[in-house]
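First comes the structure, then the notes that go with it.
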Amino acid sequence: MALEDSHVRRAAHLARLAVSDDQARGFVDDLNRILEMVDQLQGLDTEGVVPLAHPLDATQRLRADEVTESSQRDTFQYSAPAVENGLYLVPRVVE
Amino acid sequence: MMQWETVIGLEVHVQLATRSKIFSGASTAFGAEPNTQACAVDLGLPGVLPVLNEAAVSMAVQFGLAVHAQIPEVSVFDRKNYFYPDLPKGYQTSQMYHPIVGPGEVEVSLEDGSTKPIRIHHAHLEEDAGKSLHEDFHGMTGIDLNRAGTPLLEIVSEPDMRNAKEAAAFLKAIHSIVTYLGISNGNMAEGSMRCDVNVSVRPQGQASLGTRAEVKNVNSFRFVERAIAFEVERQIELIEDGGKVIQETRLYDPERDETRSMRTKEEANDYRYFPCPDLLPVVLDQAYVEHLRGQLPELPAAKRERFERELGLSAYDAGVLSASRDMAEYFEEVKTVCGDAKQAANWVQGELSGALNRENLVITQSPVSARQLGELVSRVMDDTISGKAAKQVFQALWNGQGHSADDVIEAQGLKQVTDSGAIEAMIDQVIADSPAQVAQYCDAEPEKRGKMIGYFVGQVMKASRGTANPQQVNGLLKEKLDALL
């Protein structure tokens, strides 16, 4: 499947990326080349191959259920643009 | 007229009762000051890495074992991508393709005493988001991320339910299982258990499913029934008027008792799932799973069955007494102390439940302990006190007057009089004091005398201040009155 400008715009919107017209044209070409490579991979016979969820041949380590963190709210909120009553303030999300 | 069939599937989000979050060491305690329990991992700050909480894994597996599910050896975390300010990373870490709990089944009890199996499609682990506060902050929204990263188990049912009652029964069964296991406090008011309901209708007899609507924000057993009732009616009316149900997310509004379309943007549903590169596949070895299986407590369905079969309780009693683990444990202790399951069941469901309801308490807050109640019941059973006096003793224990039933019986002189000499003396007095009633009794038709004896029993009980044994009074009175005929 060849990618079009509209696909790139939609992906950019979902990822909240601002993309100029020039950049969008470049991305269409780049992404289409990547998809060509994916098409080659699709042609391989993967019968009997276990899907790979992670490139490292290791399994998840688990931690004990212990509270190890204390509040660092002041430090974290120091770099937030707006805070009030301990809350982070963001542009209103419901109308 | 067209007959419609309702098809319901549930997605239940259960907050797991871990001390710390699923991927960080921040506390999950409820009710803390905003953002004091949101650490760098929960905030999604650059450079942090999640580390999976063993307790969350173990709780998920315990649930799976309790619903007879397959526990796959390998499960994988995926990223569910969407933008919302209470989700600081821009994605929710969840499990899309390889969940930790595979297909299972729950046996739910219906109101008529029958049971129905409801299949579980799967259950997966994920993190909760923070909370958005839409009160006015100068036209802005306030964000509290304390809840972000709290472990959730999302339990997805098959569309096996056919009416609102079955859906509520399923939710109750899940609630019962997770609280028995102790993997969640099940507190729906605090949001520890939340539910999305998928509802569709189809003409009776049609094999394929109708288009479904997903109703969110259904956070009590009662709301589940009401939201479904509303939604079913809406969909049937829509179709009968020539319209079509569209697949959409709707919100249940308990105040107006209706569901409303959430009008989300189409692309909001493109979550672009992919395996989370920050987390390795979770591999559970058989020994670990078997270890957890060995530690499972007796579950509600098994307990209900045992209460019926071994203790001879009715299906209804067994259902009520096994519904919560606290209730079941209380009942079993009363039973052990007094030695009689039926008496114990009657007292727990009667006097005790009545008092708890009146004061809006749960059983763990009962001022009367199971041991105290058990001892009280044994004093009724060995005829030390009458049933009437027992209620008085119960009330006294409830009010904290006396440490045990025996204390109260002693202090209030409630010990039943079984000495027949003493009872006979009271009867003679009553007969001597009631010449008119005695005459009536003697003149009455023999079949009516049985009823008339009630007056004399009442007088004797009154004279004894309730302490005479009523059966004995009855027998002796009949002898003495009949001797006067």
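The values are calculated or read from the model by the stated rules, or taken from the named source; none is laboratory data. The structure displayed is predicted, hence computed values, not measured ones. We place every Cβ from the backbone using ideal geometry, glycine too, and count neighbours over all the protein chains shown.
A count restricted to region A:68-83 and to residues that are more than 8 Å from every other protein chain (Cβ to nearest Cβ) and either farther than 30 Å from B:Asp136 by Cα or in contact with a helix residue (DSSP H, G or I) (Cβ under 7 Å, 6 or more places away or on another chain) (or both) stands at 1. With respect to (1) surrounded by fewer than 10 Cβ atoms within 10 Å (Cβ to Cβ); (2) within 14 Å of chain B (Cβ to nearest Cβ); (3) not aromatic (Phe, Trp, Tyr), the lone exception for A:Gln42 is condition (2).
Just one residue in the set B:Ile100, B:Ile71 is over 24 Å from B:Arg147 (Cα atoms) and assigned by TED's automatic domain parsing to the domain that holds B:Leu209; that residue is B:Ile71.
Quick check on A:Gln23: is it closer than 27 Å to B:Tyr271 by Cα and facing chain B (nearest Cβ under 8 Å)? Against the criterion (closer than 27 Å to B:Tyr271 by Cα and facing chain B (nearest Cβ under 8 Å)), A:Gln23 does not qualify.
Taking region B:322-367 as the range and being outside any helix (DSSP H, G or I), surrounded by 18 or more Cβ atoms within 10 Å (Cβ to Cβ) and free of Cβ contacts under 8 Å to residues at least 24 places away in the same chain as the test, no residue passes. The residues of region B:99-123 that are farther than 30 Å from B:Glu308 by Cα and in contact with a His (Cβ under 9 Å, 6 or more places away or on another chain), listed by number, are B:Pro99, B:Ile100, B:Val101, B:Gly102. Among the residues here, B:Gly191 does not qualify as at pLDDT below 95, in a loop (DSSP other than H, G, I, E, B) and in contact with a helix residue (DSSP H, G or I) (Cβ under 8 Å, 6 or more places away or on another chain).
Output yes when any residue across region B:227-249 is closer than 25 Å to A:Val93 by Cα, at pLDDT below 90 and among the acidic types (Asp, Glu), and no when none is. Yes, some residue in region B:227-249 is closer than 25 Å to A:Val93 by Cα, at pLDDT below 90 and among the acidic types (Asp, Glu). Looking only at region B:107-132, residues that are surrounded by fewer than 17 Cβ atoms within 10 Å (Cβ to Cβ) and of a type in the set (A, V, I, L, M) come to 1 in all. In the set (1) more than 25 Å from B:Asn469 (Cβ to Cβ); (2) modelled with pLDDT of 95 or more, the condition left unmet by B:Leu373 is number (1).
Please verify whether region A:53-62 includes one or more residues that are over 23 Å from the mean Cα position of the chain (by Cα) and at pLDDT 95 or above. The answer is yes, given that some residue of region A:53-62 is over 23 Å from the mean Cα position of the chain (by Cα) and at pLDDT 95 or above.
Applying a threshold of 8 Å to beta carbon distances and a minimum spacing of six or more residues, or different chains, the list of pairs starting in region B:64-83 at a residue that is closer than 15 Å to B:Glu290 by Cα and ending at one that is of a type in the set (Lys, Arg) reads B:Leu65/B:Arg293.
With respect to B:Ser24, determine if the residue is among the polar types (S, T, N, Q) and under 27 Å from the mean Cα position of the chain (by Cα). For B:Ser24, the condition - among the polar types (S, T, N, Q) and under 27 Å from the mean Cα position of the chain (by Cα) - is not met. Can you say whether A:Gly86 is more than 14 Å from chain B (Cβ to nearest Cβ), over 20 Å from the mean Cα position of the chain (by Cα) and among the small types (Gly, Ala, Ser), as far as the supplied structure shows? When the stated conditions are applied, A:Gly86 does not pass them. Note on region B:62-92: residues that are within 12 Å of chain A (Cβ to nearest Cβ) and either crowded, with 23+ Cβ neighbours inside 10 Å or among the β-branched types (Val, Ile, Thr) (or both) amount to 5. Here B:Leu373 meets the list (1) crowded, with 22+ Cβ neighbours inside 10 Å; (2) in a loop (DSSP other than H, G, I, E, B) almost entirely, failing just condition (2). Scanning region B:192-218 for residues that are surrounded by fewer than 20 Cβ atoms within 10 Å (Cβ to Cβ) and within 15 Å of the chain's Cα centre (by Cα) yields a single hit, B:Arg194. If you check B:Glu290, B:Glu225 for being more than 14 Å from chain A (Cβ to nearest Cβ) and under 30 Å from B:Pro50 (Cα atoms), only one passes: B:Glu290.
Of all residues being charged (D, E, K, R) and in a strand (DSSP E or B) in region B:125-155, which is nearest to the other protein chains (Cβ to nearest Cβ)? Just the residue, please.
Step by step, filter region B:125-155, then rank; the result is B:Asp144.
Residue count for region B:35-54, restricted to those that are under 28 Å from B:Thr179 (Cβ atoms), surrounded by 21 or more Cβ atoms within 10 Å (Cβ to Cβ) and at the interface with chain A (Cβ under 8 Å from one of its Cβ atoms): 3.
From the list A:Asp65, A:Asp57, which one is within 14 Å of chain B (Cβ to nearest Cβ), surrounded by 13 or more Cβ atoms within 10 Å (Cβ to Cβ) and under 29 Å from B:Tyr97 (Cα atoms)?
A:Asp65
Restrict the check to region B:98-111 and report whether at least one residue is within 14 Å of chain A (Cβ to nearest Cβ) and more than 14 Å from B:Pro72 (Cβ to Cβ). For region B:98-111, residues within 14 Å of chain A (Cβ to nearest Cβ) and more than 14 Å from B:Pro72 (Cβ to Cβ): absent.
Looking at this structure, is B:Asp428 assigned by TED's automatic domain parsing to the domain that holds B:Ala396 and either in contact with a strand residue (DSSP E or B) (Cβ under 7 Å, 6 or more places away or on another chain) or assigned to a helix (DSSP H, G or I) (or both)? So B:Asp428 fails the test.
Quick one: which of B:Ser322, B:Ser420, B:Ser378 is among the small types (Gly, Ala, Ser), farther than 30 Å from B:Gly475 by Cα and modelled with pLDDT under 95?
Within the list B:Ser322, B:Ser420, B:Ser378, the selection yields B:Ser322.
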